[in-house]
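These notes concern the structure reproduced below.
The values are calculated or read from the model by the stated rules, or taken from the named source; none is laboratory data. Treat the numbers as computed from the prediction; the structure is a model and nothing was measured. Virtual Cβ from ideal backbone geometry, glycine too; neighbours counted across all protein chains shown. All accessible areas refer to the heavy atoms of the entire protein, side chains included, with ligands and DNA or RNA removed. Shrake-Rupley method; radii C 1.70, N 1.55, O 1.52, S 1.80 Å.
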Amino acid sequence: MAFDQILPFLDFLQKELLLFASLSFLIGSADDLLFDGLWIFHSLKRRLLVYSQYKRATVESLSIPTSECRLAIFVPAWKEAPVIGAMLRRCLRQWTASEYRIYVGCYPNDAETIAAVASASTGSAKIRIVICQRDGPTTKADCLNHLWDALCRDEIEEKANYAAIILHDAEDLVHPEALRLFAHLIGRATLVQLPVIPRRAKGSRWIAGHYCDEFAELHGKQMVLREALGASIPSAGVGCAFSRDALQKLSVRTQGKPFDAESLTEDYELGLNLTGGEARGIFARLRDLDGQLVATQEFFPEKLEDAIRQKSRWMAGISLSGWDRLGWKNSWRENWMRLRDRKASFAAIILAIAYVAVILMGILIFADLIEVYKPQPISEFLKLTLFLNAGFLLWRLLMKFYFVLALYGVREAFLSIPRTIVANLINIMAVWRALGQYIGQLAGRPAHWEKTTHFYPDAQNIKQLKPHYSVRDRG
């Protein structure tokens, strides 16, 4: 192609890409606007018809089941020596009034983690170390299945069953009253999910901070309306309790392995499988007497590479594998929620196309400034789509600002606006990696445990950060 034809071609390409991206954004924005409208209606209805007549309960006001309610906490661990000890000691220190046991899954070739767990469990019968049969890393689901086997053997030996199995990660900051809430609700549902609240280290304002923005909206709005619509509830993999009876029934159908080791997102799939149809899932948003949400807090990845690795696993497991592994249901509510779950990868691809169009626009503007080429004017239709998308973008930023403000305060709310660009770039890079993972999975490549570096704060860090995470949500 001759040089004098390149700029006209780039001009044509830029407008075609911009039109495609604009129309795709309009479709996605219409979906988001409908969802937001339903959430606003649901929130106003509860505020006017429920909270105006009844005093909001706190977790301390909940009754504990009169019958024995034993709880098992599963913590899979691979190379978690830096964080697992502090996490377990915090659990033992805070969960003093409940009947529970923590099952920690370790690998025979991870002596440091085994030693850290053994040190933390000294003098306590609340912690049980389970060594997996094979060297690690296998998969998180494989480790969880080993914990399930150990629990079943303990139940036979002790002639007493557990009421629920709770999932946690080695870096989780647990709430003192979380077990009380689980014990109160587990008899009413097959899954109880608590909110997950990301926290960021002081030096990770942008990478780890974008998780704060996403989860503030995800667990402040999307999960709330999902439950209100009667759709199935996905598990976040931490801060969630599964009915022991429901897992047992699933275990019978899966040859004693309720956690699917072939899945990249076994927790997400397990939640949908256990809460579909007549089964019920509860997304529990409840405060304690101090106004704090009963939630699971943890520090998310603060390095770009770790964030991309984690996001790509989510995209490959939920957005791509979810189509063929979970399929669709005979319910518009369920299918709508699954479609929203699965559109993340496609949204990232559209974003990449939009950014290419913006880069080309910059090239054309520069060519116009140096009088090399005069770009063709955009059509009136494209102007209209760009105007509508600008309005939808402003609405999305306002919604994000609201939820981040409610959870983290004014400073983080304002930071959430420029962090949108960071989140977009991470998602764009993650989607290409996710496509490679998905293609490899289709080709028969086995899933494996892709770990990210974890961080657990010491007591001083927790004290310093607590005022910034007052979690006085308005939902």
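Go through the stretch 332-359 and give me each residue that's of a type in the set (S, T, Y) and either at pLDDT 90 or above or open to solvent by 40 Å² or more (accessible area, probe 1.4 Å) (or both).
Once the filter is applied, which keeps residues that are of a type in the set (S, T, Y) and either at pLDDT 90 or above or open to solvent by 40 Å² or more (accessible area, probe 1.4 Å) (or both), the stretch 332-359 yields only Y355.
Quick check on the stretch 364-380: of everything there that is part of a helix (DSSP H, G or I) and free of Cβ contacts under 8 Å to residues at least 40 places away in the same chain, which residue is farthest from A21 (Cα to Cα)?
It comes out as L369.
Hey, any hits in the stretch 178-199 for a residue that's farther than 22 Å from G230 by Cβ, of a type outside the set (S, T, Y), open to solvent by 20 Å² or more (accessible area, probe 1.4 Å) and part of a loop (DSSP other than H, G, I, E, B)?
no
Name, by its number, the condition in (1) modelled with pLDDT under 95; (2) under 30 Å from A261 (Cβ atoms); (3) of a type outside the set (G, A, S); (4) part of a loop (DSSP other than H, G, I, E, B) that does not hold for P108.
(1)
I'd like the residue in the stretch 116-125 that is open to solvent by less than 60 Å² (accessible area, probe 1.4 Å) and out of contact with any strand residue (DSSP E or B) (no Cβ under 6 Å at 6 or more places or on another chain) and, out of all such residues, is nearest to W95 (Cα to Cα).
Filtering the stretch 116-125 for residues that are open to solvent by less than 60 Å² (accessible area, probe 1.4 Å) and out of contact with any strand residue (DSSP E or B) (no Cβ under 6 Å at 6 or more places or on another chain), the one nearest to W95 (Cα to Cα) comes out as S124.
Give the residues of the stretch 405-433 that are β-branched (V, I, T) and out of contact with any Gly (no Cβ under 9 Å at 6 or more places or on another chain), sorted by residue number.
V410, I417, T420, I421, I426, I428, V431
From A30, A21, grab the single residue that is within 27 Å of the chain's Cα centre (by Cα), buried (at least 17 other Cβ atoms within 10 Å of the Cβ), modelled with pLDDT of 90 or more and within 30 Å of N424 (Cα to Cα).
A21
Could you say whether any residue in the stretch 257-273 is at negative phi and touching a strand residue (DSSP E or B) at 6+ places or on another chain (Cβ under 7 Å)?
Yes, that holds for at least one residue.
Within the stretch 126-156, how many residues turn out to be among the charged types (D, E, K, R) and either open to solvent by less than 20 Å² (accessible area, probe 1.4 Å) or touching a residue at least 60 places away in the same chain (Cβ under 8 Å) (or both)?
Counting residues in the stretch 126-156 that are among the charged types (D, E, K, R) and either open to solvent by less than 20 Å² (accessible area, probe 1.4 Å) or touching a residue at least 60 places away in the same chain (Cβ under 8 Å) (or both) gives 5.
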